[in-house]
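Asks: Submitted below is the structure of interest, expressed as structure tokens.
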Amino acid sequence: MNKLIYVSGGCRSGKSRYAQQRAETVPGRRAYLATCPQIDAEMEQRIVAHQQQRAGKGWETIEAPLDLAGAVEQARNFDILLIDCLTLWVNNLLYEAEQKGTILTEEMISHRGIELVDACRQTNQTTIVVSNELGMGLVPDNPVSRHYRDCLGRCNQTLATRADEVVFMVSGLPLFLKKG
């Protein structure tokens, strides 16, 4: 049975923990699609902490910093996919575009989100997608940060409207915004 669950919330709201616990209630083979590149020592420590939380629980990690739709297609042999997270994926896409001298618009990011959803819908698995909600704070003070916030916000909307279930995490507690 195909199911798409979208989990969002602020930083340290319990999104990843909730998503992992939820995924571990589904029987079968599990894959963790990681979007976070190791860019510094602090980020490496965060990655190690996430890996330790999954250790011995039947998870296989697939690094997918840019091509999430392709990673989903390659992970068809798994029963459950946990994608953590869209926040870093959008960051990676924007960074790659900048390095190539191109600009990704909100519409282009939304289209990449649609491609991801389409890839998830072509499988017979449960997919849980984690993302940060960035639009509830201060307006960023510079154009690059505002563009990032806007692109992530559009991507989040794209996933949430197409998901079967939407969970918003606050202080470690799940608020169910949409039940499939």
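Asks: Using θ = phi - 60° and the Karplus relation 6.51 cos²θ - 1.76 cosθ + 1.60, list the HN-Hα couplings for segment 72-82 in order, rounded to whole Hz, with x at every Gly or Pro.
Replies: 4, 4, 6, 9, 4, 7, 9, 8, 9, 10, 10
Asks: Need one word for the chain: rounded, prolate or oblate. Basis is the Cα gyration tensor (sqrt eigenvalues a ≥ b ≥ c); a/c below 1.5 gives rounded, then a/b vs b/c decides.
Replies: Rounded shape, in that the Cα axes give a/c under 1.5.
Asks: While we're here: Which value in deg cm²/dmol, rounded to the nearest 500, describes the helix-derived mean residue ellipticity at 222 nm for the chain, given -39,500 (n - 2.57) per DSSP H run of n ≥ 4 and division by the residue count?
Replies: -14500 deg cm²/dmol
Asks: What does the net charge come to around Ala34 if you take all other residues with beta carbon closer than 14 Å to its beta carbon, with K and R at +1 and D and E at -1?
Replies: Taking every Cβ under 14 Å from that of Ala34, the sum is -2.
Asks: How much length is gained if the chain between Asp79 and Thr161 is pulled fully straight, taking 0.36 nm per residue apart and subtracting their Cα-Cα distance, in nm to one decimal?
Replies: Details: separation 82, 0.36 × 82 = 29.52 nm, distance 2.29 nm.
Net length gain for the segment: 27.2 nm.
Asks: Let me ask something else. Before I look further, what does segment 11-156 give for accessible area per residue, probe 1.4 Å, in whole square angstrom?
Replies: Working: 7820 Å² over 146 residues.
Ligands and nucleic acids excluded, the figure is 54 Å² per residue.
Asks: Once neighbouring chains are kept in place and the probe is 1.4 Å, which whole percent of the accessible area of the chain is contributed by carbon and sulfur?
Replies: Result for the chain: 52 percent of the exposed heavy-atom area is carbon or sulfur.
Asks: Between Rg and the Kirkwood Rh of segment 58-108, both from Cα atoms, what is the Rg to Rh ratio?
Replies: Answer for segment 58-108: 1.05.
Asks: Something else about it: Among DSSP beta bridges lying fully in the chain, give the percent that are antiparallel, nearest 5.
Replies: For the chain, the DSSP antiparallel bridge percentage is about 15.
Asks: Another one. Amide H neighbours of Ile62 under 5 Å, at least 5 residues apart or on other chains, H built in the peptide plane: list them.
Replies: Counting only residues 5 or more places away or on other chains, the set is Tyr32, Leu33, Ala34.
Asks: Let me ask something else. Taking the chain as a Gaussian network, where each spring joins two C-alpha atoms under 10 Å apart, which residue of Ala119, Ala31, Ala41 fluctuates the most?
Replies: Ala41
Asks: For the chain, what does the relative contact order come out to in percent, with C-alpha contacts under 8 Å and a separation of six or more?
Replies: Numbers: 305 pairs, mean separation 68.2, N = 180.
The normalised contact order for the chain reaches 38 percent.
Asks: Explain nothing, just the number: relative contact order of segment 109-180, from Cα pairs under 8 Å at least 6 residues apart, as a whole percent.
Replies: In percent, rounded to a whole number, it is 31.
Asks: A further question on this structure: Report the residue, chosen from Ile62, Ile39, Ile83, that carries the largest GNM mean-square fluctuation when the chain is represented by alpha-carbon nodes joined by springs under 10 Å.
Replies: Among Ile62, Ile39, Ile83, the largest mean-square fluctuation in the Gaussian network model of the chain belongs to Ile39.
Asks: Under 19 Å from the 7 Å Cα→Cβ point of Leu177, by amide nitrogen: which residues of segment 66-102?
Replies: 83-91
Asks: Still on this structure, please answer the following. Using every pair of alpha-carbon atoms in segment 108-153, split the distances into 5 Å bins beginning at 0 and state the percent of pairs per bin, rounded to integers.
Replies: 5, 18, 21, 20, 14, 11, 7, 3, 1
Asks: With the cut-off at 1.5 for a/c, could you classify segment 128-180 from its C-alpha gyration tensor as rounded, prolate or oblate?
Replies: Details: a/c = 3.29, a/b = 1.71, b/c = 1.92.
Oblate, since a/c reaches 1.5 and b/c is not below a/b.
Asks: Leaving ligands, DNA and RNA out of it, work out the accessible area of Ser110 with a 1.4 Å probe and give it in Å² to the nearest 10.
Replies: The accessible area comes out at roughly 20 Å².
Asks: Rounded, prolate or oblate: pick one for segment 1-108, where a ≥ b ≥ c are the square roots of the eigenvalues of its C-alpha gyration tensor, a/c under 1.5 means rounded, and failing that, prolate if a/b is larger than b/c, else oblate.
Replies: Taking the square roots of the gyration eigenvalues as a ≥ b ≥ c, segment 1-108 is prolate.
Asks: Express in Å², to the nearest 10, the accessible area of Thr126 obtained by rolling a 1.4 Å probe over the protein heavy atoms while all chains stay in place.
Replies: Result for Thr126: roughly 20 Å² accessible.
Asks: Counting alpha carbon pairs within less than 8 Å and at least 6 residues apart, what relative contact order, in whole percent, applies to segment 49-139?
Replies: 42 percent
The values are calculated or read from the model by the stated rules, or taken from the named source; none is laboratory data. Quick caveat, the model's predicted, so the values are computed rather than measured. Positions of Cβ are backbone-derived with ideal geometry, glycine not excepted, and every protein chain shown enters the neighbour counts. What goes into the accessible areas is simple: the full protein's heavy atoms, side chains included, and nothing from ligands, DNA or RNA. Shrake-Rupley method; radii C 1.70, N 1.55, O 1.52, S 1.80 Å.
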